[in-house]
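See structure below.
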Amino acid sequence: MNYILIAHEPSIMRCGLSQIISMLPAPVTVLMVETPAEMASAMQQQPFDLLILSRHLPGGDTLSMMKMVREKHRDTKILLFSSREEKTRIVDVLFETADGYLSNKSSEEDISLTISVLVPGHKRLSPLRPAFSNPLEQLSSREIEVMNLLAQGLPLLKIAAHMELQVTTVSTYKTRIFKKLEINSIVELLDKVRTYGIRKLA
């Protein structure tokens, strides 16, 4: 059983996210809160595998909340949602602190995919997926471009600017790369790149 905490406004977003989560293959318990105080209280009472956090949760500072989670609940993954695209240094820090980042306008497919990567036991790997002697061969040209930039140490905000894409789009590419390569961190990505080499665009 996995436990997910949704700290998001408005309530329609919380309900929508809960509905998407309910369709995941493995059992999940979802708790929904509205304020930073409720979030902190819930996390003190029990551990959560994933925190879905709104970038603009009323009454709280997003970065402070994320730092608290990182310090006190190190095993909890953070999926950050934002209602708009922002290009500031603080947002860059938020992107790099979170384990995943999505826009409130993200599709159900992208939300489900991201959660399936972040929550243990929810990786939806198709049994019909072809085998690759080099796992990097299964990446699309766009995914290869994002992978190469991630391997160079560029943050999501700079990758988005370089590729002239929205940050949420780059985050989705990153999620898909991690899923296809069956990895969970940049360290593991670098290990794949060292093993199989930087891929050239087709």
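Taken together, the values in this text are just the output of simple stated rules run on the coordinates, not laboratory data. Worth saying up front: this structure is predicted, and the values here are computed from it rather than measured. Every residue, glycine as well, gets a Cβ built from its backbone with ideal geometry; the counts of neighbours run over all protein chains shown.
Descriptive notes on the structure:
- Net charge of the neighbourhood of residue 78, taken over other residues with C-beta under 9 Å away and scored Lys/Arg +1, Asp/Glu -1, is +1.
- Cα gyration tensor, the stretch 135-196 - rounded (a/c under 1.5), prolate or oblate: prolate
- Projected area averaged over orientations for the stretch 2-118, convex hull of C-alpha atoms, nm²: 6.6 nm²
- The packing ranking of peptides 45-52, 168-175, 136-143, highest mean first, is 168-175, 45-52, 136-143, where packing means the average number of other beta carbon atoms within 10 angstrom of each residue.
- Separation of alpha-carbon centers, the stretch 152-196 and the stretch 10-41, rounded to whole Å: 27 Å
- Ranked by the mean number of other Cβ atoms within 10 Å of their residues, highest first, the peptides 5-14, 55-64 fall in the order 5-14, 55-64.
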